[in-house]
Structure formats: structure tokens, C-alpha cells
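In what follows, a single structure is set out as C-alpha cells and then discussed.
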């Protein structure tokens, strides 16, 4: 099931048919608003208690009154990318955790990255089926959630582009906790807000995710689409000046999303008129790439780009420009040896 993208204005109708911003002066007890992380300082982290334990347990209205305003400020801070300059790979994460009497733990995570919707994800500590049973699955779908692509938990996208969006998202989140999971502050609801980055300080990438590279390609004017190879690995399909090419990823790190080496690849047709001597001559004249016939007899041009030690985004851009020149140069050389023009595909 695909994740349903939900605008903060398209909220769960049963929970609040006419959403309104939270009361700016919620009733006590209200935890103090800690100093939020400076977006310009990465990595940074702050944590605390959003809703403290209540004796006797609190009702839904009391929970909302206690923490809706503070939660809305946190969500606005999470999704605000206008306060400072950002680079591809910067990300903010907001996590809420509460425990149940049977020892189960609900983890609510909201992830924010520039130019993207906020990804809202629910996971369970302990036995997942106990928290996401059939009855709750139906309720989660009504809240716009779908099973996560990796099979772990539930997720949805939500747009938070203004204080009003943040207030509505906060009300949605609290409605989810109280209506679906029966949260009544028997145990505290803790939060953690983190500002992180996938690039090293100084705009250096020692490794990169396929999606971050896709964003960089788009920023440089390239079309780019992230897909999967026949063996299940990630690939970016792109092109420039009429030449199609793929970018494969090698050297995965401890974080399986990050890769330390890029492999630029393109395949030529029209090879039936080429001799092995011609292929070798052209390959020897290509300083930064190699041309060869693979085991299936396909004519392959490729180049590896290592990120070892850290590289700047501008270096990756220059590698792409060099790659475009290489494809054009090799194509012209191949045309001299073939009776029909070669085609890059």
C-alpha cells in the first residue's frame, strides 16, 4: 500500500472536523520549553518531557491542553528550513516515546528534510503486533497511515509549512495517541529533537545516499530518477545532451543508505562493427574512464568516483561534467570505427 501524502489541512475528520490552532496558554501542568537546537549547528540535540506522568491518569482533553502548544512549536521548528542556509543531507528528527503497562513502547518519529514533506512514522518497541493489531490498523488507515515500505511500522507524509500547519499536525498527533493508543499519561511522553547531517562539516561527503545524489543532480539541472537494479541495488537513471547513463552505488557503510563510491555507466549499441583492437585503442585514450566488452558482449563505458576522505559537492558536479565530455568523446571515436552511428542507451 502506498503512503498517503496528507496536507496538514486534510486532517483526520473524526478527531477535529474544524481544526483550530491550540490555546497559546495551555492549562498547567505544562513542561518548560527547552532551548531548541540552533539549525546552523549540526549535529545538535535536545530532549525532555512533553507530557509528564499524571496521577490519576489524564483524559484526552487534559493531554491536549497540557502539551498541544509546546508540541506545535516543536513541529514548526522541526520543519522550518528558512531560518538558515542548508545543504543536501541536512535533516531534522523529532521523536516521541511512551511506555505501556504491558512493557510495550510506542515510538513516534517525524523526519524533515529540505524540499520534502515531513515523514511521520510509528514503530513499536517489543512485540509489534500487540500495538498494531487489526483494530488499530483500521484506525491508522483512517488517519492516513500505510504500512512502511520496509515492513517495520506505519508511516504517512504531512506538510508543515506554517505555524497553522504545525498546530494542526500537533492536534492530529495527540488525537492519534489518545484515540488510537489510549494515551492518558500513565507514563510520561518524552521527546527528542535532533538536527543532523549526512555530509561532513565543510560540505564534504565521505559517503552519500542515492536520494541525496538525486537532489544534487536536480539542483545542477540534470533529470534523475532513483530505481533498483536487477540485483536489488540502488541506481540513478539520468542523462545529459542526449546521452543516457546510470549511476550505481558501491562500498556501503554501516548505515546501509550511505555509499562511498559511485559508478557511472553507459551502454553503446552499434558495436557489431567494432574490433577488439579498436575498443582497446579507445579505452587507452580515455584518461578517467574505461571502455570494454562485458561477458554478454555489450560495449560498456564506465567511470568510478571514490568519496574516500571526503569530497565537496562541487567536485561531484565537475565529475558529472567530465563524464558528459567523456561520453561525447568516446561516441565520436566509436563513429570512426563503425559503419553506422553508435547509440548510447
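Checked against (1) modelled with pLDDT under 90; (2) touching a strand residue (DSSP E or B) at 6+ places or on another chain (Cβ under 9 Å); (3) surrounded by fewer than 15 Cβ atoms within 10 Å (Cβ to Cβ), residue 342 passes all but a single condition, namely (3).
Residues are listed down the side, and each one gets a yes or a no for (1) in contact with a helix residue (DSSP H, G or I) (Cβ under 7 Å, 6 or more places away or on another chain); (2) surrounded by 15 or more Cβ atoms within 10 Å (Cβ to Cβ); (3) modelled with pLDDT under 80:
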{"residue": "255", "(1), (2), (3)": "no, no, no"}
{"residue": "262", "(1), (2), (3)": "no, yes, no"}
{"residue": "267", "(1), (2), (3)": "no, yes, no"}
{"residue": "278", "(1), (2), (3)": "yes, yes, yes"}
{"residue": "282", "(1), (2), (3)": "yes, yes, yes"}
{"residue": "296", "(1), (2), (3)": "no, no, yes"}
{"residue": "300", "(1), (2), (3)": "no, yes, no"}
{"residue": "313", "(1), (2), (3)": "yes, yes, no"}
{"residue": "321", "(1), (2), (3)": "no, no, no"}
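If the condition is being on the phi > 0 side of the Ramachandran plot and touching a residue at least 24 places away in the same chain (Cβ under 8 Å), then segment 172-190 contributes only 185.
So which of 213, 174 ends up being crowded, with 22+ Cβ neighbours inside 10 Å, touching a helix residue (DSSP H, G or I) at 6+ places or on another chain (Cβ under 9 Å) and over 18 Å from residue 122 (Cβ atoms)? Write out each step before concluding.
Numbers: 174 fails: over 18 Å from residue 122 (Cβ atoms).
The match here is 213.
This table checks each residue for (1) in the same structural domain as residue 217 (by TED's automatic domain parsing); (2) under 19 Å from residue 63 (Cα atoms); (3) assigned to a loop (DSSP other than H, G, I, E, B).
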residue	(1), (2), (3)
96	no, yes, no
102	no, no, yes
137	no, no, no
140	no, no, no
172	no, yes, no
176	no, yes, no
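Taking the conditions (1) part of a strand (DSSP E or B); (2) within 20 Å of residue 176 (Cβ to Cβ); (3) more than 17 Å from the chain's Cα centre (by Cα) in turn, residue 122 satisfies each one other than (3). Are any of the residues in segment 99-107 touching a helix residue (DSSP H, G or I) at 6+ places or on another chain (Cβ under 7 Å) and in contact (Cβ under 8 Å) with a residue 40 or more places away in the chain? Checked against the condition, which is being touching a helix residue (DSSP H, G or I) at 6+ places or on another chain (Cβ under 7 Å) and in contact (Cβ under 8 Å) with a residue 40 or more places away in the chain, segment 99-107 yields at least one hit.
Quick check on segment 72-84. Is at least one of its residues touching a strand residue (DSSP E or B) at 6+ places or on another chain (Cβ under 7 Å) and within 17 Å of residue 100 (Cβ to Cβ)? Checking segment 72-84: not a single residue is touching a strand residue (DSSP E or B) at 6+ places or on another chain (Cβ under 7 Å) and within 17 Å of residue 100 (Cβ to Cβ). Filtering segment 216-253 to residues that are under 18 Å from residue 266 (Cα atoms), touching a residue at least 60 places away in the same chain (Cβ under 8 Å) and surrounded by 14 or more Cβ atoms within 10 Å (Cβ to Cβ) leaves 217, 222, 240, 243, 244, 245.
Go through the residues of segment 27-49 one by one and say whether even a single one is farther than 21 Å from residue 192 by Cα, modelled with pLDDT under 85 and assigned by TED's automatic domain parsing to the domain that holds residue 165. The answer is yes, given that some residue of segment 27-49 is farther than 21 Å from residue 192 by Cα, modelled with pLDDT under 85 and assigned by TED's automatic domain parsing to the domain that holds residue 165.
Residue-by-condition table, conditions (1) touching a strand residue (DSSP E or B) at 6+ places or on another chain (Cβ under 8 Å); (2) within 24 Å of residue 312 (Cβ to Cβ):
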{"position": "219", "(1), (2)": "no, yes"}
{"position": "223", "(1), (2)": "yes, yes"}
{"position": "228", "(1), (2)": "yes, no"}
{"position": "233", "(1), (2)": "yes, no"}
{"position": "250", "(1), (2)": "yes, yes"}
{"position": "258", "(1), (2)": "yes, yes"}
{"position": "261", "(1), (2)": "yes, yes"}
{"position": "276", "(1), (2)": "yes, no"}
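Among the residues of segment 278-306, which ones are part of a helix (DSSP H, G or I) and either within 16 Å of residue 324 (Cβ to Cβ) or out of contact with any strand residue (DSSP E or B) (no Cβ under 7 Å at 6 or more places or on another chain) (or both)? Walk me through how you get there before you give the answer.
Step one: filter segment 278-306 for residues part of a helix (DSSP H, G or I), giving 278-284.
Matches in segment 278-306: 278, 280, 281, 284.
Name the residues in segment 177-203 that are more than 17 Å from residue 54 (Cα to Cα) and out of contact with any strand residue (DSSP E or B) (no Cβ under 6 Å at 6 or more places or on another chain), would you? 179, 180, 197, 198, 200, 201, 202 - these are the residues of segment 177-203 that are more than 17 Å from residue 54 (Cα to Cα) and out of contact with any strand residue (DSSP E or B) (no Cβ under 6 Å at 6 or more places or on another chain). Filtering 124, 169, 161, 130 for residues that are on the phi < 0 side of the Ramachandran plot and at pLDDT 95 or above leaves a single hit, 169.
The values are calculated or read from the model by the stated rules, or taken from the named source; none is laboratory data. What you see is a predicted model; the values in this text were computed from it and never measured. Using ideal geometry, Cβ is built from the backbone for each residue, glycine included, and neighbour counts are taken over all protein chains shown.
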